[in-house]
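Notes to accompany the following structure.
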Amino acid sequence: MSHAMESDVTRSDRERCGECVVAADGLTKRYPPDITAVDNLSISVFRGEVYGFIGPNGAGKTTTLRMILGLVRPTAGSVVVLGGRPGSPDSLARIGAIVEAPAFYPYLSGRNNLRVLACHAGVSEGRIEPALVEVGLAGRADDRFKSYSMGMKQRLGMAAALLKDPELLILDEPTNGLDPEGIAEMRTLIRSLGAGQRTVLLSSHLMGEMEQVCDRIGVVRYGRVIYEGTLDELRGGGRLKVRARPVAAARELLKDRPGGVRVSLEGEDTLLLEAGADEAEGINRLLVEAGVEVSELCFHQPTLEDVYLDLIEKVDGGS
């Protein structure tokens, strides 16, 4: 596979590394006989952001999160978490995590499950109520866990991750198994958890959800990061969609427009222009004054799914 598209930590990111909560450099994990789960992966996660770790199942997301937490030892590379090594007592005391499905005692209430966890973690029981309130579960905290819906079970897992009032939350596929309503509730919750100085590192393969909650993303393919940056940087400036007749005349007018504009044909009477929304009025005026009939003119910005699929196609095309 060609690695021309891969994105390591950029120089500007390295200059900001004093703000880094997670700095991974060249992380690699191999399993015998010849399985490479993570391959020379580098990411930077900064304080106060929601960072989306995006890729298909089997891309190496969970293995990477396990290495960040110190649950799996890397074959090569390094990672610094909250200024320390993965799995160190100081780092773990400041991290809350859900990796895969959270497990609880079915016959205990949500509140008593958290009491058990607080006792084992050496956390004051005074943290239980704030955690329940933060995830919106205070009203059902005394019900048995086995009576909870899937969404409530995920919320209790989130409350468990919040018991230590962590600086860093690591969430692996937190919407797995949820219905649309539960996914929407989890999206709102993640947004609120990422407010202020708390940092959220979130992995998922659900593009629509990640697009609505993340500040920056890292796209993972075959265990490698092939893009890291903001959503706006990945999506680009967007395009204007113009439906006009005669389309050939419209195309010639726009190609010859002062300053130039890239024009491509989509369908029998539709043009896509590499132009911003602020140019729509001038383009419409140009066409109408030239006698071209404009029936539609709208700004289109690609979704995260659109650009993700384009990115994957480019990477796989270079294999």
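The values are calculated or read from the model by the stated rules, or taken from the named source; none is laboratory data. Keep in mind the model is a prediction, meaning the values are calculated, not measured. For neighbour counting, all protein chains shown are included, and Cβ atoms are generated from backbone atoms with ideal geometry for every residue, glycine included. These accessible areas exclude ligands, DNA and RNA; they are computed on the full protein's heavy atoms, side chains included. Shrake-Rupley method; radii C 1.70, N 1.55, O 1.52, S 1.80 Å.
Some points to look at:
- Placing +1 on the Cβ of every Lys and Arg and -1 on the Cβ of every Asp and Glu, with nothing else charged, gives the chain a dipole about its Cα centre of roughly 1220 debye.
- Environment charge at ARG47 (Cβ cut-off 9 Å; Lys +1, Arg +1, Asp -1, Glu -1): -2
- The chain: translational diffusion in µm²/s, Stokes-Einstein, Kirkwood Rh over Cα pairs, 20 °C, 1.002 mPa s: 97 µm²/s
- As a size descriptor, the averaged projected area of the C-alpha convex hull of the range 112-174 was calculated at 4.3 nm².
- When the range 54-175 is described by a simple charge dipole with +1 on each Lys and Arg Cβ and -1 on each Asp and Glu Cβ, the residue from LEU132, GLY58, GLY122 located farthest towards its positive end is GLY58.
- Alpha-carbon radius of gyration plus Dmax, which is the widest Cα pair, for the range 139-240 in Å: 15.6, 54
- Only helical runs count toward this figure. For the chain, summing -39,500 (n - 2.57) over DSSP H runs of n ≥ 4 and dividing by all residues gives -9500 deg cm²/dmol at 222 nm.
- Of the solvent-accessible surface of the chain, computed with a 1.4 Å probe and all protein chains present, 49% belongs to carbon and sulfur.
- Summing charges over neighbours of SER91, with a neighbour being any other residue whose Cβ is under 12 Å away from its Cβ, gives +1 when K and R count +1 and D and E count -1.
- Taken over the Cα atoms of the range 166-290, the convex hull encloses 187 Å³ per residue.
- Near PRO180: Cβ cut-off under 15 Å, other residues only, Lys/Arg at +1 and Asp/Glu at -1. The net charge is -3.
- Once you reduce the range 78-141 and the range 268-319 to the center of their Cα atoms, the two points are 47 Å from each other.
- Highest GNM mean-square fluctuation among LEU253, LEU206, LEU309, for the chain modelled with Cα contacts below 10 Å: LEU253.
- Relative contact order %, the chain, counting alpha carbon pairs below 8 Å whose residues are six or more apart: 21 percent
- Accessible area (Å², per residue) of the range 121-265, counting only protein heavy atoms and a probe of 1.4 Å: 44 Å²
- Each Cα pair under 8 Å and six or more residues apart adds its separation to the average, and for the range 33-161 the resulting relative contact order is 20 percent.
- Of all DSSP beta bridges confined to the chain, the antiparallel ones make up roughly 65%.
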